[in-house]
Amino acid sequence: MAAPHETGKGLSQGARNALPLMLFMIIGFAAPLLTVIAYSFMPPRSFGLTRAPTLDNYADIFASNSYISFGWSMLFAALTVALLALICYPIAYGMARLFGRWSPILTLLFTIPLFVSENVRLYGWILFLIKNGVLLGTLKSWFGIEPESILFTPGVVLLGMVYVYLPFMLFPMTLGVSMVPNETREAARDLGASRWQVFREVELPLSMPGIMIGLLLTFVLAVGAIAEAKVLGGQTIIPITHDIEIAFTYAQNWPLGAALAVLLMIVVGTLVMLVLKRFDLDAILGKR
Amino acid sequence: MLKTPLSRRNFMQRSTAFAAAVAAGAKFTTTPAHAAREKELNILCWEGYNSAQVLDPFRQDKGATVKAESLTNDPTMVNRLRAGETKIWDLINVNNPWARKIMAPEGLIKPLDRATFEPYFDKMMPAFKAPYKWAMDEKGEQLIGMAQRFGPYCFVVNTDKVSRKTAEDQGWNLWNDPANDKKYGVLESDDWNVFNICCIAGFDPFKVHNDDEVAKFTETAKRVFKGAKVVGDIATMNQSLVSGEIDFHLTGGTYSASPARADGAANIRGITPNSGPMEGGKGGIVWIEITSPVNNPELSPLATEFLKYVQDPKVAHTVAFAEGTFNPVAQMGNKECFDLFTKEELDAIQWDSLEEEVARSVEYDIVPDYDKLLDIMTAAKKEASAG
C-alpha cells in the first residue's frame, strides 16, 4: 500500500493540495502585476495588450519632468520614516517597558483611528487647521490673534503622513523593543555599561528586527501615499502616485500610468533590497 | 467547442477583454450569452443617477437589480467602453459631445426609437426641442440619447470678496492679474481646467491650436498653477471659499457651487463671464448630460424603461437634487416638474441667472488637441509643485 505522500509520476500530494491556493495567488497577485508590466510596453494611449511592444512610455517619462514627482514621493517618505522613528521609539519603549497596565489602553487609542477611513480623518484635519476653523478660529476668538493658515503647505502634508502612518511604525517597533530580554540589560549594567552603552549596544541591536520592519513597512506605504498631498496639501506637491492616477484617469494613458507604476516598483524594490542586503532580516530575526 | 479556432491573436484579445471585465469589478457577475437580462440594468454615470433616491423606486417597480457606477470625468467612462466594457453596461451618461461625436461614430452606443422618445423633448425647456442637436447623431438622423441635467461651468467666487459684477466683467482675466496670486484655488477637474486655461490664455478651447497658442497655453498653465493656493475637489473648494482661505476658484459653476449654496452659503456663486474668447465673443461654457443606451450585445430592455422613468416630473426633480451636486434639469420646462422646486432649491441652482448665463455660453465640445494640452498642463502642475 502506498504511503499517503507517494504519488508516483507527476505532482506530489502536497503540491496537488497546494494547487488551488497557488492558482489563487497567481491570479490574485501575479496576474495583475504582470498585466501592469505588459501594459507599460504598449503604445501610449492604447487600451489593449495586443499591440506591438514599445519603450515609448519609458522614453516619455525620462523626457518629462516626472522626476519631480518621484523626488517628492521619495523625500516625503524618507522624512516620514525619519520623523516616525524618532517619535515612535520612545513611545514603543514606554509601551513595552514603562506604561504597564496603561499600555493596552494606549494601544487601543492608537488603533481606533484605523477603523475610520483615512480620507475622513484627513478632512477632520482640514476642519481643524482651516482658516476660521477649530484651531485658528479659537485663537482668533479667544486671544484675538490671527496667524497665517498653514493648510495647503508641504509641512501639513508631512504632518498628515506622520499621523496616518504612525501605527505602522509604532506596533512593529513596540514588538521589537519587547523582544529584548530584561536579563541582557541587567547583565550589561552589571558589567559596568553606561545607560547609553546599554541602549546603543544591547537594546537597539536586539530590537532591530521590529525597528527594521517598522521602517520598511512605513517607507513602502509612505512612498505610495496620495491622499495627504491631495487633501491636506492642496496639491502643492504632486507625488508620483498622483501622476499615475492622472495617467489612468484624465489622460487615459494607461500604458504611461503602467510604466510609471513599474518604475516606482523598481525604485522602491531596489531601495528595499539594498536595505535588506545591509540589514539581513533573517539574521537579526535569529533564523540563522 | 469554440466556434472560432483559438489563435495567439484572438487569445490575447479574449484575455484583454477578460482582464477588462475583471478590472471593472467582481461585483458585476458576467451573464451567460444566452441568458436574458430582463431583470438587471448596469449604468455608468456621473454621480446622482447612482443614488438610492433615484434608483430604489425603479428597482422596486421593476423588481430589478440595478447597479450604477459613478465616475467624475467623461474620458474615463468612454474609454471603459472602448476597452471592452460594452458587454457590461446598458446605459452611459456623459457630457454632450461624447455621444454625438465620439461614441456614436465608434459604435459604442445604440440609437433610440425616435417616435417613442422625441415627444419627451417637447416637454423640456425650449432649447431642448426635438431634434435636439446633442441628442442626435452627426447626420441628424438617429436619436442617440436623452438630455436631462445641464449647467454653466466656468468659475466660482465668494461674492463677499469679489462682487458678481466684477467677476462677470473681469471674467477670465481674474487669472491674468498677478495681484490675485494665492487668492484662488483650482478645482481638480483636469479636462475642464484645460478648457479654462485656454480661455485665460485668450483663445477658444474647442479647436485645433497653433504653435503660438500652445506656447501661450504652456505659459498660462504654469502661471495659473504657480499662483494657486490649493488644488482640490469640490468639497475642498467650497470649504476654502466659505472659510476665507481663497476668494474664488477656477472651474466651477452651478454643479460645484450648489452644495454650498443649498447649505446656506448664498455668497458662493458660479460665474459666467460677460465676454470671452469663444465664438461670438461668448465667455462661458455650458455642459449638457446625454444618457445613451450602450451597444451591448445583450442590452437590457430596462435601459429604455429607465430613460422613460427619469423623464417623469417627480423623478426629474429627484435627479436634479440627488445626493452630491444639484443641477437644473431640462424637464423644468414642464410646469408640473418646475412646480416641485422650492424657492431655496431654485436659489441653490442659481435659477435667477440661469437663462442669461446659458445665453452667454457656448456648449461644451471636444478639444481636438486635448491630449497634448493635458500633458502640458500636467507638467505645469508638477513644475509649480517644485517651487
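Yes/no matrix, rows are residues, columns are (1) crowded, with 22+ Cβ neighbours inside 10 Å; (2) touching a His at 6+ places or on another chain (Cβ under 6 Å); (3) part of a helix (DSSP H, G or I):
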{"residue": "B:Gly171", "(1), (2), (3)": "yes, no, yes"}
{"residue": "B:Ala179", "(1), (2), (3)": "no, no, yes"}
{"residue": "B:Lys182", "(1), (2), (3)": "no, no, no"}
{"residue": "B:Val186", "(1), (2), (3)": "yes, no, no"}
{"residue": "B:Cys198", "(1), (2), (3)": "yes, no, yes"}
{"residue": "B:Val208", "(1), (2), (3)": "no, no, no"}
{"residue": "B:Asp212", "(1), (2), (3)": "no, no, yes"}
For segment B:321-342, indicate whether the set of residues that are over 30 Å from B:Lys62 (Cα atoms), touching a residue at least 12 places away in the same chain (Cβ under 8 Å) and surrounded by fewer than 19 Cβ atoms within 10 Å (Cβ to Cβ) is non-empty.
no
Quick check: anything in segment A:184-191 more than 13 Å from the chain's Cα centre (by Cα), modelled with pLDDT under 95, surrounded by fewer than 18 Cβ atoms within 10 Å (Cβ to Cβ) and closer than 18 Å to A:Gly94 by Cβ?
no
On the given criteria, is A:Thr50 hydroxyl-bearing (Ser, Thr, Tyr), farther than 17 Å from A:Leu264 by Cβ and within 9 Å of chain B (Cβ to nearest Cβ)?
yes
Flag if A:Asn119 is within 14 Å of chain B (Cβ to nearest Cβ), touching a residue at least 12 places away in the same chain (Cβ under 8 Å), surrounded by fewer than 16 Cβ atoms within 10 Å (Cβ to Cβ) and part of a helix (DSSP H, G or I)
yes
Matching entry among A:Leu204, A:Leu175, A:Leu158, A:Leu135 (being surrounded by 13 or more Cβ atoms within 10 Å (Cβ to Cβ) and within 14 Å of chain B (Cβ to nearest Cβ))
A:Leu135
Subset of segment A:22-46 that is more than 15 Å from A:Ala261 (Cα to Cα) and touching a Pro at 6+ places or on another chain (Cβ under 9 Å) - its residue that is nearest to the other protein chains (Cβ to nearest Cβ):
A:Arg45
Give the residues of segment B:292-307 that are part of a strand (DSSP E or B) and not polar (S, T, N, Q), sorted by residue number.
B:Pro293, B:Val294
Checking the condition away from chain A (no Cβ under 14 Å), over 23 Å from A:Val156 (Cβ atoms), buried (at least 24 other Cβ atoms within 10 Å of the Cβ) and charged (D, E, K, R), which residue from B:Arg223, B:Arg261, B:Arg269 passes?
B:Arg269
Segment B:119-166: number of residues that are in a strand (DSSP E or B), touching a Pro at 6+ places or on another chain (Cβ under 8 Å) and either more than 20 Å from B:Leu241 (Cα to Cα) or modelled with pLDDT under 95 (or both)
4
Regarding B:Leu143, is this residue within 14 Å of chain A (Cβ to nearest Cβ) and either over 20 Å from the mean Cα position of the chain (by Cα) or buried (at least 21 other Cβ atoms within 10 Å of the Cβ) (or both)?
no
Free of Cβ contacts under 8 Å to residues at least 60 places away in the same chain, within 14 Å of another protein chain (Cβ to nearest Cβ) and surrounded by fewer than 17 Cβ atoms within 10 Å (Cβ to Cβ) - does that describe any residue in segment B:346-354?
no
Among helices (runs of 4 or more DSSP H) entirely within segment B:1-117, at least 3 residues that are out of contact with any strand residue (DSSP E or B) (no Cβ under 7 Å at 6 or more places or on another chain), surrounded by 13 or more Cβ atoms within 10 Å (Cβ to Cβ) and at pLDDT 95 or above occur in B:52-62
Just the residues that are farther than 11 Å from B:Pro277 by Cβ and either within 14 Å of another protein chain (Cβ to nearest Cβ) or touching a Lys or Arg at 6+ places or on another chain (Cβ under 7 Å) (or both), please, taken from segment B:197-213.
B:Ile197
Report yes if B:Ser361 is more than 14 Å from chain A (Cβ to nearest Cβ), surrounded by fewer than 19 Cβ atoms within 10 Å (Cβ to Cβ) and within 20 Å of B:Tyr153 (Cα to Cα), otherwise no.
no
Those residues of segment B:242-277 which are of a type in the set (A, V, I, L, M, F, W, C) and either modelled with pLDDT under 95 or closer than 20 Å to B:Cys199 by Cα (or both), in sequence order
B:Phe248, B:Leu250, B:Ile271
A:Ser73 passes all but one of (1) outside any helix (DSSP H, G or I); (2) away from every other protein chain (no Cβ under 11 Å); (3) modelled with pLDDT of 95 or more; which number fails?
(1)
If you scan segment A:86-96, which residues turn out to be surrounded by 16 or more Cβ atoms within 10 Å (Cβ to Cβ) and touching a residue at least 60 places away in the same chain (Cβ under 8 Å)?
A:Cys88, A:Tyr89, A:Ile91, A:Ala92, A:Tyr93, A:Met95, A:Ala96
Might you let me know whether segment A:142-151 holds any residue that is within 14 Å of chain B (Cβ to nearest Cβ), of a type in the set (Gly, Ala, Ser) and touching an Asp or Glu at 6+ places or on another chain (Cβ under 8 Å)?
yes
For segment A:248-288, give me each residue that is within 18 Å of A:Leu49 (Cβ to Cβ) and at pLDDT 95 or above.
A:Pro255, A:Leu256, A:Gly257, A:Ala258, A:Ala259, A:Leu260, A:Ala261, A:Val262
Kindly state which helices (runs of 4 or more DSSP H) lie completely within segment A:187-283 and contain at least 1 residues that are touching a Pro at 6+ places or on another chain (Cβ under 6 Å).
A:208-223, A:254-278
The one condition B:Ala235 fails out of (1) buried (at least 20 other Cβ atoms within 10 Å of the Cβ); (2) within 13 Å of chain A (Cβ to nearest Cβ); (3) part of a helix (DSSP H, G or I) is (1)
Just one of the numbered conditions (1) in a helix (DSSP H, G or I); (2) within 14 Å of chain A (Cβ to nearest Cβ); (3) under 28 Å from B:Arg114 (Cβ atoms) is not true of B:Val315; which one?
(2)
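The values are calculated or read from the model by the stated rules, or taken from the named source; none is laboratory data. Please read all numbers here as calculations on a predicted model, not as lab measurements. Backbone-built Cβ (ideal geometry, glycine too); neighbour counts: all protein chains shown.
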